[in-house]
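The values are calculated or read from the model by the stated rules, or taken from the named source; none is laboratory data. These numbers were taken from a predicted model, which means no experiment stands behind them. Here the Cβ positions follow ideal geometry from the backbone for every residue, glycine too, while neighbour counts run over all protein chains shown. All accessible areas refer to the heavy atoms of the entire protein, side chains included, with ligands and DNA or RNA removed. Shrake-Rupley method; radii C 1.70, N 1.55, O 1.52, S 1.80 Å.
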Amino acid sequence: MYFPYLRGKQFEMIALRELCALFPDTITNISPIIEPVKLSSTLVSTLKELAAKGVNFNLIINPRVGDLIGQDENILEIIRTELKDYQNLQIGIIVDHKTGDNLDYMFQRLGLIDFEHNGFTLIHNYELASLNLKKIQELEVRFNVIYSQKTSRRYYREFPQETRVSLDDYFKDQARNADYLGQESVFSEEYRFYDEDGFCGFSDFLTIGDNYSETGFLPRAVAIHISYIKSDRKIWVKHFVSESNGDVSDIGGKFAEAVAKLDDWAEQEGITTQGVKKLQDFKQSGHFPGLGTLKKLSVMNHIELILNHI
């Protein structure tokens, strides 16, 4: 099972919503982890669409980024009022230094939950001590998502195999879009090996990465990040970057330069995902859809790629 980890930003949520419409028969093969960053109509409509399609998902109630830090009751209220009797979801809890050292407070907050759900998903960004590991056995934990870069190599063995999900940030983030020029980078091959490595599922931050930014800015370069599987069966990310990167003018022209490279490559490689096709349509029409749409289509491409190979 694949657990794409998404912040509840607008275009990430729209990507999930559109994937539900495009792949109604296979979208149930994933279980998104959603860390909401603001209360928005886009977040609500996406959760309702996931529920309408019967998708299992994990909604984090103690986000660590965005506008909803400390507003777990508001997030729970969305489930009560908007999802009503839908039970095929897990309540997500980030386990970090804050929750790890104060589990009693976490249990107190969980007492606010007065509706049916499918148990809890714990995202382990911190190693719980043995005593606290015993305490969380009181919870009905459906999934333990182990962030490997923030825990020791053997920490995952503390949990039943049927609950273990591996999480890593595989995206090679660069300081500037122009730094991706002419590059491609290996992403992972977790989709092949998670089961034999002792996990029931795997998770990643897609082609966005774990780094979170609240504000956007006009870039000097436009970059499109497309994941694909090479002959070595590893997932790689190909970066398509504009050339006229001296200033922030003519973002639409920069997009045209980047998408022309993508179009040529996709034709040569036979890449036919819906995300790539939509980008090629923009190349043909000469329309610049906006930077948010580029992120959306990159996310859609990555999830479709995984859906096609699990």
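Relative contact order, whole percent, for the stretch 1-133 stands at 21, derived from Cα pairs under 8 Å and 6 or more residues apart. Candidates Ile146, Ile61, Ile229 compared by Cα position along the dipole of the chain: farthest toward the positive end lies Ile229, with charges placed on Cβ. Taken as Cα centroids, the stretch 57-127 and the stretch 206-264 sit 34 Å apart, rounded to the nearest whole angstrom.
Expressed as a whole percentage, what fraction of the accessible surface of the stretch 20-165 belongs to carbon and sulfur atoms when a 1.4 Å probe is rolled over the protein heavy atoms? Provide the component values of the computation, followed by the final result.
Values: 3050 of 6760 Å².
Summing carbon and sulfur atoms, their accessible area is 45 percent of the total for the stretch 20-165.
Just checking the listed ones, Arg192, Arg154, Arg142: in the Gaussian network model of the chain with Cα springs under 10 Å, the one fluctuating most is Arg154.
Lys and Arg at +1, Asp and Glu at -1: add these up for the other residues within a Cβ distance under 9 Å of Lys9 and post the number.
Numbers: positive: Arg7, Lys38, Lys295; negative: Glu12.
It works out to a net charge of +2.
Using only side-chain charges placed at the Cβ, +1 for Lys and Arg and -1 for Asp and Glu, the dipole size of the stretch 116-164 relative to its Cα centre rounds to 320 debye.
Counting each DSSP H run of 4 or more residues in the chain as -39500 (n - 2.57), what helix-only mean residue ellipticity at 222 nm follows after dividing by all residues, to the nearest 500 deg cm²/dmol? Mind showing how you got there, number by number?
Details: 10 runs with 103 residues, N = 310.
So the calculated ellipticity at 222 nm is -10000 deg cm²/dmol.
Using a Cα-Cα cut-off of under 25 Å, which lysines could be cross-linked to Lys238, ignoring same-chain neighbours fewer than 8 residues away? The qualifying lysines are Lys9, Lys172, Lys230, Lys254, Lys261, Lys277, Lys278, Lys283, Lys295, Lys296.
Phi angles of the stretch 156-166 translate, via the Karplus equation with coefficients 6.51, -1.76, 1.60 and θ = phi - 60°, into HN-Hα couplings of 4, 5, 6, 10, x, 4, 6, 10, 7, 10, 8 Hz per residue; Gly and Pro are given as x. Proximity of backbone amide H atoms, modeled 1.01 Å from N, is registered between Ile235 and Phe187, Ser188, Glu189 at under 5 Å, excluding neighbours fewer than 5 places apart on the same chain.
By the combined test of axial Cα extent (at least 20 Å) and Kyte-Doolittle hydropathy (mean at least -0.5), the qualifying DSSP H helices of the chain come to 251-269, 291-307.
In loop segments of the stretch 203-310 as defined by DSSP, the trypsin sites (Lys or Arg not before Pro) with at most 11 further C-beta atoms inside 10 Å of their C-beta are Arg233. For the chain, a crude dipole built from +1 on the beta carbon of Lys and Arg and -1 on the beta carbon of Asp and Glu, taken about the Cα centre, is about 100 debye to the nearest 20. To make sure I understand the rule: partners must be lysines, Cα under 22 Å from the Cα of Lys134, and not fewer than 8 residues away in the same chain. Which ones qualify? Within the straight-line limit of under 22 Å, Lys134 reaches these lysines: Lys98, Lys150.
Any idea of the accessible area per residue across the stretch 85-218, 1.4 Å probe, to the nearest Å²? All intermediate terms of the calculation are to be shown ahead of the outcome.
Details: 7090 Å² over 134 residues.
Spelled out: the 1.4 Å probe surface of the stretch 85-218, per residue, equals 53 Å².
Relative contact order of the chain: what whole-number percent is it, with Cα pairs under 8 angstrom and at least 6 residues apart?
Working: 547 pairs, mean separation 47.1, N = 310.
Once divided by the residue count of the chain, the mean separation gives 15 percent.
Considering only alpha-carbon pairs that sit under 8 angstrom and 6 or more positions apart, the relative contact order computed for the stretch 65-137 is 39 percent.
Multiplying the residue separation of Lys38 and Arg153 by 0.36 nm and removing their Cα-Cα distance gives an extension gain of 38.1 nm. The candidate values were (i) 19.7; (ii) 20.9; (iii) 20.3; the one computed from these coordinates for Kirkwood radius over Cα pairs in Å carries the label (iii). For the stretch 182-230, a/c is not less than 1.5, where a ≥ b ≥ c are the root eigenvalues of the C-alpha gyration tensor, and a/b does not top b/c. That puts it in the oblate class.
Highest mobility in the GNM of the chain, judged by mean-square fluctuation with C-alpha springs under 10 Å and restricted to Thr99, Thr42, Thr81, is found for Thr81.
Please give the charge dipole size of the stretch 96-188, origin at the Cα centre, charges +1 on K and R Cβ atoms and -1 on D and E Cβ atoms. Round to the nearest 20 debye.
Numbers: 12 positive and 15 negative charges, 60 e Å.
For the stretch 96-188, the charge dipole is close to 300 debye.
Taking the DSSP beta bridges with both ends in the chain, the antiparallel portion is around 25 percent.
Antiparallel beta bridges, as assigned by DSSP with both residues in the stretch 110-243, represent about 45 percent of the total such bridges. Pull out a ≥ b ≥ c, the square roots of the eigenvalues of the alpha-carbon gyration tensor of the stretch 203-242, then state rounded if a/c is under 1.5, prolate if not and a/b is larger than b/c, and oblate in the remaining case. Taking the square roots of the gyration eigenvalues as a ≥ b ≥ c, the stretch 203-242 is oblate.
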